[in-house]
1. Under 7 Å by Cβ, and 6 or more places apart or on different chains, what pairs join a residue from segment 113-131 that is farther than 23 Å from Ile317 by Cβ and in a loop (DSSP other than H, G, I, E, B) with one that is away from the ligand (no atom under 16 Å from the Cβ) and of a type in the set (D, E, K, R)?
2. State all residues of segment 72-89 that are surrounded by fewer than 16 Cβ atoms within 10 Å (Cβ to Cβ) and more than 20 Å from Asn330 (Cβ to Cβ); if no residue qualifies, say none.
3. Search segment 198-225 for residues that are farther than 22 Å from Arg89 by Cβ and polar (S, T, N, Q) and pair each with any residue that is near the ligand (Cβ under 7 Å from one of its atoms) and in a helix (DSSP H, G or I) when their beta-carbon atoms are under 8 Å apart and the residues are at least 6 apart or on different chains.
4. Among the residues of segment 206-235, write down those that are surrounded by 14 or more Cβ atoms within 10 Å (Cβ to Cβ), charged (D, E, K, R) and either more than 11 Å from the ligand (Cβ to nearest atom) or in a loop (DSSP other than H, G, I, E, B) (or both).
5. Checking Glu69 against (1) closer than 23 Å to Glu299 by Cβ; (2) crowded, with 16+ Cβ neighbours inside 10 Å, which single condition isn't satisfied?
6. Inside segment 236-258, can you point out the residues that are within 16 Å of the ligand (Cβ to nearest atom), in a helix (DSSP H, G or I) and in contact with an Asp or Glu (Cβ under 8 Å, 6 or more places away or on another chain)?
7. Go through segment 15-36 and count every residue that is of a type in the set (A, V, I, L, M, F, W, C), touching a residue at least 24 places away in the same chain (Cβ under 8 Å) and not in a loop (DSSP other than H, G, I, E, B).
Amino acid sequence: MPAAYPRLRMRRTRASGWSRALHRETALSSSDLIWPLFVTEGRETEEAVPSLPGVSRWSVDGIAARAKEAVALGIPCIALFPNTPADKRSERGEEAHNPDNLMCRAIRAVRDACGGNIGILTDVALDPYTSHGQDGVLDAAGYVANDETVEILVRQALNQAEAGADIIAPSDMMDGRIGVIRDALEEAGHVNVQIMSYAAKYASAFYGPFRDAVGSGGLLKGDKRSYQMDPANAEEALREVALDLNEGADSVMVKPGLAYLDIVYRVKERFGVPVFAYQVSGEYALIEAGAAAGVASKEALVMEKLLSMKRAGCTGILSYHAPLAARLLNG
Ligand code: PBG
């Protein structure tokens, strides 16, 4: 048994700044961050996303500039999401495996600008490419057909790897996709292209602003509950993680972040693998709205939330606040 008051005073080690620094258990660093970026057509184009105040879509040249900014800030990785033009969206999302699509052009531009100094993470799912906004193809009954979708996702993943992606991040929640993507990457010689699986991705109310940013929100009918997870379930998340690791995922993601830190913690405890959380668009927007309403300073809210994710066990965090956080962390 530890000593009791007054021999033990928990406040003793909190009484001065140097002592608080000495006893701090968790540290956040800019190298823990992944910065999600939205790509749009055009040249020298910046489009604001109203539901994500402070976040823009950038044309490919602007994405390359953001990537350089990330390198300068010590952010090791960016995540790319395309806002596909409406006339290139289709029932089956063919644009996803066009070698000259927006995503591939952005990957090449970032590589040209930054060489090997930055990691490029690319999202695998069909929602930025389908005319109906679902992450896969629909059968006659309107159900997202698993196996048919997986075949297309493999082509999408290979397309991204060919363009130079470093981390393939399937966010589609189809069954069995990690294994077949891994096999296809091996066969094509992309042995060092990583897979970060969105293993525990919940059917969340927090994705709305993202869907605005990639232009799929207005198209989506219904919801994604036949593939994304029920927010009530935790055991199921552990099964999803086990399967994806068994199929060859190098790292796993829990998404959204803050409302699911129990899942992060359990994944880390059970599997001891690299685990990432995605602080999603709705979480970002709520911080912005809260700060604007005078709840607290934006900086304080951002840093407390990111630190909490790290404390829960995150290896790293995807956050639209990454550049702000990196600037604060770098002093
Ligand atoms: C696409 C995808 C989504 C997000 C990342 N990849 C949206 C969705 O599943 O509807 C959400 C990210 C965010 O909200 O910031 N499958």
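The values are calculated or read from the model by the stated rules, or taken from the named source; none is laboratory data. Fair warning: this is a prediction, and the values are worked out from it, not measured in the lab. Backbone-built Cβ (ideal geometry, glycine too); neighbour counts: all protein chains shown.
1. Ser131/Glu91
2. In the first step, residues of segment 72-89 are kept if they are surrounded by fewer than 16 Cβ atoms within 10 Å (Cβ to Cβ); the result is 72, 74, 85-87.
Answer for segment 72-89, where residues must be surrounded by fewer than 16 Cβ atoms within 10 Å (Cβ to Cβ) and more than 20 Å from Asn330 (Cβ to Cβ): Pro85, Ala86, Asp87.
3. Ser204/Gly282
4. Hit for segment 206-235 is Lys224, nothing else.
5. The one condition Glu69 does not meet is (2).
6. Within segment 236-258, just Leu258 meets the criteria.
7. Just the residues of segment 15-36 that are of a type in the set (A, V, I, L, M, F, W, C), to begin with: 15, 18, 21-22, 27-28, 33-35.
So of that shortlist, the ones also touching a residue at least 24 places away in the same chain (Cβ under 8 Å) come out as 27-28, 33-35.
Now narrow it down to the ones that are not in a loop (DSSP other than H, G, I, E, B): 33-35.
Looking only at that region, the number is 3.
For (1) closer than 26 Å to Ala277 by Cα; (2) in a loop (DSSP other than H, G, I, E, B); (3) hydrophobic (A, V, I, L, M, F, W, C), each residue gets a yes or a no:
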{"site": "Asp100", "(1), (2), (3)": "no, yes, no"}
{"site": "Cys104", "(1), (2), (3)": "yes, no, yes"}
{"site": "Ala109", "(1), (2), (3)": "no, no, yes"}
{"site": "Gly136", "(1), (2), (3)": "yes, yes, no"}
{"site": "Val150", "(1), (2), (3)": "yes, no, yes"}
{"site": "Glu162", "(1), (2), (3)": "no, no, no"}
{"site": "Ile168", "(1), (2), (3)": "yes, no, yes"}
